[in-house]
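Chemist: Input: one structure, supplied below.
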Amino acid sequence: MDALVLSLLFVGFLVTSIPIGIAIGCAVLVFVLIYDVSGFSFMFQNMYSAINSFPLMAVPFFMLTGSIMEGGGLSQRIVNVANKLVGNRTSGLAIVAILACMFFGAISGSAPATLAAIGTIMVPAMVKHRYSKNFSVGVVTTAGGLGIIIPPSIPLVIYGVGTMTSIGDLFIAGIGPGVVVGVFLMITARIVGKKRGYTGTGERFSFREAGKAAWEAKWALFMPLIILGGIYGGIFTPTEAAVVGVVYGMFVGFFIYKELTIKRLMEVFVDNASLVGASFLIFGFATSLSFLVSVTMLPDRLSEAISMISTNKYVVLFIVNIFLILLGMLMDTMSANLIFSPLLLSIVAPLGVDPVHFGIVITIALALGFVTPPMATNLFLASTIFDIPVQEIIKEELPFVFAMILALFVVTFIPQISLFLVQFLH
C-alpha cells in the first residue's frame, strides 16, 4: 500500500501544472507526513548531501561550456566543416545538420543547446536551398537529441552519480552509440530527401576545401579531445574537465574567434544560473524520492513483476526500453534518470547487463523524450524559435524518431557497440 500511495502521489502532482521539481517535492513531503518513514530534517539532509557532490558539479560547468562556445562563434565553424564534408550529396544539407549536431553535442552535452545552436544556422540555409521549412525543423529537432548521447553528456553525469558508475567510462562508451544513432538519422534523411528531390549544394567535394574548413574550426574541434583525452588520460576528473572546458571556451571566444563579448558572457551566466538552480532543485527532491522508493521496496516488487513475465535478459531489456520511451514522454530527463536509473539497474544487473552499457541505453531512450509529446523540450523549443505549430513538426520528425528507436534497440542488443572502446582502453 505504501508503494501504491507513493506512486499515486508522484503521478498526481506530476500531472498538475506546477513545475516538475516542486511536484516531486510535494509528493515527498506529503508521503513523509502520511507514513512518518523519516523526519523532515533527515529528508532535507538527504537533499543537501545529494547536491553537495563534487562529480555533480560537472553538470553546471558543462552547461556553461556549451553556452560559451555557442556564443563564441563555434556553431558556424562546425557547420562549415560538416558542409564541406557531406553538403554536396543528396539531401546534403539535412545530413550536414545532423553531422553538425554530432560535432556540437561533443561539446555542449545538452539537447536544447544543440538544437538552438545548430538549428538557427541550418534551418535558414536549408530553406534557402528549397528544402521544406517543416522538414528542416524536423531534422534539427530530432538531431538535437544527439547532444546528450555524444559525450560529454549531462545525463551521463547524472546517471554516473546516481548509480556510482564511472563517468569517464560512460563518456567513452557513448562515442560508438552516438555515431550509430547519427548514422541512422543520416540514412533516414537521405531516403526522405531522395523521395522529395532535395539535392546537395552542387559543389564538388574537395579535400583542400574540407581541410581548410577543418583548420579554421580546429580550436572548436579540439575541445572534445581535451575533455575526453584529459579524463581518460588521468589528467583530470570529469568535473575538472568541465571547468577546463569553460576556461578554454572563454579563451577561444575572446582571443581566437573574438566573437564573445563581456555583455554576451554576462547573459550566458544569468541564463545558466537559473537553469542550474532549477536543475539542482529537481536533483535534490528526486534523490529524496529515490530514497523513499527504496524504503517502500518498490524495486524488489517491480523486479518480481518483470521476472514473472520473463527472466530472459533480452526480453527484460525490451520491456525496460519500452518503459523508458514512455517515461521520457512524461518526465524530464533529469528526474527520470535520477529516480528510475538505480531502480532499473537493480533489475537488469543480476541478468548480466553491464552498468556502463545500461547507462547508454537509458540515455538514448530518454533522448527520445526530447521530441515526443507531452514533455518534448526540443519540440516546443523548435516551435517557439521557428514559429511552426508543434503538430507540423511532429509529422516531419516521425521518420527520424523511428530511426532513433531502431538505433536504440541495435545498441541495446549489441552491447559491444558501447563497451568496445572502454574495454580496449582498459
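Chemist: Could you please state how large a percent of the accessible area of the chain is carbon and sulfur, counting protein chains only and using a 1.4 Å probe? Please list the in-between numbers first.
Modeler: Details: 12310 of 17890 Å².
Ligands and nucleic acids excluded, carbon and sulfur give 69 percent.
Chemist: Could you tell me which residue out of 124, 382, 72 lies farthest along the dipole of the chain toward its positive end? Charges go on the beta carbon: Lys and Arg +1, Asp and Glu -1, centred on the Cα centre.
Modeler: Result: 124, furthest along the dipole toward the positive end.
Chemist: Which lysines have a Cα lying under 23 Å from the Cα of residue 194, excluding residues fewer than 8 positions away in the same chain?
Modeler: In chain and number order, the partners are 84, 128, 133, 395.
Chemist: Once the piece of chain linking residue 236 and residue 304 is laid out straight, how much longer is it, given 0.36 nm per residue of separation minus the C-alpha distance between them? List each step's numbers first, then the result.
Modeler: Numbers: separation 68, 0.36 × 68 = 24.48 nm, distance 4.14 nm.
Full extension of this stretch gives 20.3 nm more.
Chemist: Still on this structure: Averaged per residue, what accessible area in Å² does the range 83-141 show with a 1.4 Å probe, protein chains only?
Modeler: Heavy-atom SASA per residue in the range 83-141 reads 28 Å².
Chemist: Grab the beta carbon distance between residue 409 and residue 35, set R0 = 51 Å, and tell me the FRET efficiency rounded to 0.05.
Modeler: Details: r = 39 Å, r/R0 = 0.77.
Computed FRET efficiency for residue 409 and residue 35: 0.85.
Chemist: If one takes the longest principal axis of the Cα atoms in the chain, at what angle in degrees, from 0 to 90 and to the nearest 10, does the Cα axis of helix 390-413 lie?
Modeler: 70 degrees
Chemist: Next up: Between the DSSP loop rule and a limit of at most 16 other Cβ atoms within 10 Å, which chymotrypsin sites (Phe, Trp or Tyr not before Pro) in the range 207-303 are left?
Modeler: Working: sites: 207, 215, 219, 222, 232, 236, 248, 251, 254, 255, 257, 269, 280, 283, 285, 291; in loops: 236, 257.
Passing both the DSSP loop test and the Cβ count: 236.
Chemist: OK, next. I'd like the FRET efficiency for residue 274 and residue 51, computed as 1/(1 + (r/R0)^6) with the beta carbon distance as r and R0 of 25 Å, rounded to 0.05. Can you show the working numbers first?
Modeler: On the way: r = 16 Å, r/R0 = 0.65.
That pair, residue 274 with residue 51, gives E of 0.95.
Chemist: Just need log10 I(q)/I(0) for the range 130-198 at q = 0.19 Å⁻¹, Debye formula, equal scatterers on the alpha-carbon atoms, no solvent, rounded to two decimals.
Modeler: -0.76
Chemist: Work out how far the C-alpha atoms of the range 161-288 reach from end to end along every principal axis, then list the three figures in whole Å, largest first.
Modeler: Largest to smallest, the principal-axis extents are 53, 37, 32 Å.
Chemist: A further question on this structure: Please compute the per residue accessible area over the range 384-426 with all protein chains in place, 1.4 Å probe, rounded to a whole number of Å². Don't jump to the answer; show the numbers that get you there.
Modeler: Working: 2370 Å² over 43 residues.
Value returned for the range 384-426: 55 Å² of accessible area per residue.
Chemist: Now a separate question. Per residue, how much accessible surface does the range 251-349 expose to a 1.4 Å probe? Answer in Å², no decimals.
Modeler: Working: 4660 Å² over 99 residues.
Accessible area per residue, the range 251-349: 47 Å².
Chemist: Binned at 10 Å from 0, what are the whole-percent values of the Cα-Cα distance distribution for the range 324-420, short to long?
Modeler: Distribution as computed: 16, 42, 29, 11, 2 percent.
Chemist: Right, here's the next one. Note the angle between two axes, namely the Cα long axis of helix 92-108 and the longest principal axis of the Cα atoms of the chain, as a number of degrees from 0 to 90, rounded to the nearest 10.
Modeler: In the chain, helix 92-108 runs at an angle near 50 degrees to the longest axis.
Chemist: What's the FRET efficiency of residue 208 with residue 179 using the Cβ-Cβ distance as r and R₀ = 25 Å, to the nearest 0.05?
Modeler: Values: r = 26 Å, r/R0 = 1.03.
Approximately 0.45, to the nearest 0.05.
Chemist: Let's test this: bin the Cα-Cα distances of the chain at 10 Å from zero up to the farthest pair and state each bin's percent.
Modeler: Bins of 10 Å from zero give 5, 22, 32, 26, 12, 3, 0, 0 percent of pairs.
Chemist: Right, next: Out of the trypsin sites (Lys or Arg not before Pro) in the range 221-272, which ones are loop residues according to DSSP with at most 13 other C-beta atoms within 10 Å?
Modeler: On the way: sites: 258, 263, 264; in loops: 258.
Loop-located and lightly packed - 258.
Chemist: Using only the alpha-carbon atoms, how far is helix 74-86 inclined from the longest principal axis of the chain? Give it as 0 to 90 degrees, nearest 10.
Modeler: 70 degrees
Chemist: Additional query: Using Cα springs under 10 Å in a Gaussian network model of the chain, which residue among 220, 278, 189 shows the largest mean-square fluctuation?
Modeler: Sorting by GNM fluctuation, first place goes to 278.
The values are calculated or read from the model by the stated rules, or taken from the named source; none is laboratory data. Note that the structure is a prediction, hence the values are computed from the model and not measured. With ideal geometry, Cβ positions are generated from the backbone for all residues, glycine too; neighbour counts draw on all protein chains shown. Just the protein is used for accessible areas: all its heavy atoms, side chains included, with ligands, DNA and RNA removed. Shrake-Rupley method; radii C 1.70, N 1.55, O 1.52, S 1.80 Å.
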